[in-house]
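The block underneath contains the structure these notes are about, expressed in structure tokens.
The values are calculated or read from the model by the stated rules, or taken from the named source; none is laboratory data. All figures in this text were calculated on a predicted structure; none of them were measured in a lab. Here the Cβ positions follow ideal geometry from the backbone for every residue, glycine too, while neighbour counts run over all protein chains shown. Calculation scope for accessible area: heavy atoms of the full protein, side chains included, ligands and nucleic acids excluded. Shrake-Rupley method; radii C 1.70, N 1.55, O 1.52, S 1.80 Å.
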Amino acid sequence: MPERSWLDEREVLAIGSPLARSVELHGEIGSTQARARELAKDGAPDGTLVVSRIQTGGRGRLGRLWGSPAGGLWMSLVLRPDFEARLAGRITQAAAVGVAKALRSLGVKAEIKWPNDILVGGRKICGILAESSLAAGGGVGFVVLGVGMNANLDVEELGVEDGQATTLRRELGRDVGTAEILASVLDGLEREFGRIGVFGGILEDWKSMNCTLGRRVRVVRSGETLEGEAVDITGSGALVLRTGNGFVELFEGEVENLRAKPL
Ligand code: BTN
């Protein structure tokens, strides 16, 4: 049995989100992402949520470690979308929009940095990790969507370089109940997933909340460094970069903003 944690299962079920019909709460676990994947492989239904108070082996994008001390919201969802695999990238954008809106509803001006980092004042407050697994027929079998929110903790506890990260506590000057944060995130995700079929609205919101487009950026992808102006995002979530050698579409990579957005 998973250890009982700071969130109460009944409290989570009472949120009534279709994304959290089945809930597994842990006091401490290696990674909610790994656990949710395990559950998904064993047939866990769409709407399975795993949350842990602490992760001892939290994982980020591009194989990085994700520091996950007590006070954050470390969660992973099992999703079983019924659309084709080529549209799976939409989940990333939809999730970024949903989480950014959730944070705004909690009172912080969250922005999206491509592909799906959520920043406040240029510092990362939340990371999103969407991992798809294909079904035999070519569709998306399941997606494990991880959300790591720096919530009720001090930046120093995260063990990241100075100026890189922020927390909800730092931005609001107070703590917010974990159940309230979770309810906002689930609501934000549900709303965006509900309109994923008509992607225009999500892309429009992504663009209106992003802090990447219009900037000169450096992107490292598979050991190669590219520089250029981030000019657009495609319908499949790729970042379009105008470089000295023409336009390049990027599907993965780490973006560094090189100078402030022109006024
Ligand atoms: C990123 O690199 O920005 C994505 C970070 C995703 C972290 C979350 S925390 C909950 C879930 N469990 C993990 O091990 N990773 C994700």
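Step by step: first the residues of the range 126-135, then only those that are part of a strand (DSSP E or B) and open to solvent by 20 Å² or more (accessible area, probe 1.4 Å), then the one that is farthest from the ligand (Cβ to nearest atom). Which residue is that? Spell out how you get there, then give the answer.
Step one: filter the range 126-135 for residues part of a strand (DSSP E or B), giving 126-134.
Next, from what is left, pick out any that are open to solvent by 20 Å² or more (accessible area, probe 1.4 Å): 129-134.
Working: LEU129: 4, ALA130: 9, GLU131: 9, SER132: 15, SER133: 16, LEU134: 21 Å.
If we take residues in the range 126-135 being part of a strand (DSSP E or B) and open to solvent by 20 Å² or more (accessible area, probe 1.4 Å), then LEU134 is farthest from the ligand (Cβ to nearest atom).
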Q: Return the only residue of THR48, THR56, THR92 being of a type in the set (S, T, N, Q), farther than 27 Å from ARG174 by Cα and over 14 Å from the mean Cα position of the chain (by Cα).
A: THR48
Q.
Step by step: first the residues of the range 201-229, then only those that are more than 22 Å from LYS101 (Cβ to Cβ) and small (Gly, Ala, Ser), then the one that is modelled with the highest pLDDT. Which residue is that?
A. GLY228
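Do you know which residues across the range 42-63 are in a helix (DSSP H, G or I) and either free of Cβ contacts under 8 Å to residues at least 40 places away in the same chain or surrounded by 21 or more Cβ atoms within 10 Å (Cβ to Cβ) (or both)? Please lay out each step first, then the result.
Keep residues of the range 42-63 that are in a helix (DSSP H, G or I), which gives 61-63.
Residue satisfying the conditions is GLY63 alone.
Just checking, how many residues over the range 17-30 are touching a Lys or Arg at 6+ places or on another chain (Cβ under 8 Å) and open to solvent by less than 10 Å² (accessible area, probe 1.4 Å)? Reasoning before the result, please.
Here is the first cut: in the range 17-30, the residues touching a Lys or Arg at 6+ places or on another chain (Cβ under 8 Å) are 24-29.
Filter once more, keeping what is open to solvent by less than 10 Å² (accessible area, probe 1.4 Å): 27.
Count: 1.
Taking the conditions exactly as written (within 30 Å of ALA14 (Cα to Cα), modelled with pLDDT under 95 and either in contact with an Asp or Glu (Cβ under 8 Å, 6 or more places away or on another chain) or not hydrophobic (A, V, I, L, M, F, W, C) (or both)), does GLY173 satisfy them or not? Break it down stepwise before answering.
On the way: within 30 Å of ALA14 (Cα to Cα): yes; modelled with pLDDT under 95: no; either in contact with an Asp or Glu (Cβ under 8 Å, 6 or more places away or on another chain) or not hydrophobic (A, V, I, L, M, F, W, C) (or both): yes.
Answer is no for this residue.
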(Q) Out of the residues in the range 136-149 meeting the condition of being more than 15 Å from the ligand (Cβ to nearest atom) and either more than 15 Å from PRO45 (Cβ to Cβ) or without any contact (Cβ under 8 Å) to a residue 40 or more places away in the chain (or both), tell me which one is surrounded by the fewest Cβ atoms within 10 Å (Cβ to Cβ). (A) ALA136
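Criterion first (within 10 Å of the chain's Cα centre (by Cα), assigned to a loop (DSSP other than H, G, I, E, B) and of a type outside the set (S, T, N, Q)) does PRO115 satisfy it?
Numbers: within 10 Å of the chain's Cα centre (by Cα): yes; assigned to a loop (DSSP other than H, G, I, E, B): yes; of a type outside the set (S, T, N, Q): yes.
It is true that PRO115 is within 10 Å of the chain's Cα centre (by Cα), assigned to a loop (DSSP other than H, G, I, E, B) and of a type outside the set (S, T, N, Q).
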Q) Got at least one residue in the range 205-222 being within 24 Å of GLY67 (Cβ to Cβ), out of contact with any Lys or Arg (no Cβ under 6 Å at 6 or more places or on another chain), surrounded by fewer than 16 Cβ atoms within 10 Å (Cβ to Cβ) and among the aliphatic types (A, V, I, L, M)? A) yes
**Q.** Count of the range 1-16 residues which are surrounded by fewer than 20 Cβ atoms within 10 Å (Cβ to Cβ) and in a helix (DSSP H, G or I)
**A.** 5
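Would you tally the residues in the range 229-250 being assigned to a strand (DSSP E or B) and either open to solvent by 70 Å² or more (accessible area, probe 1.4 Å) or at negative phi (or both)?
Filtering the range 229-250 down to residues assigned to a strand (DSSP E or B) leaves 229-233, 239-243, 246-250.
Right, trim to either open to solvent by 70 Å² or more (accessible area, probe 1.4 Å) or at negative phi (or both) and you get 229-233, 239-243, 247-250.
Of the residues in that region, 14 qualify.
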Q: Just give me the residues in the range 72-89 being over 14 Å from the mean Cα position of the chain (by Cα) and either part of a helix (DSSP H, G or I) or within 13 Å of the ligand (Cβ to nearest atom) (or both), in sequence order.
A: ALA85, ARG86, LEU87
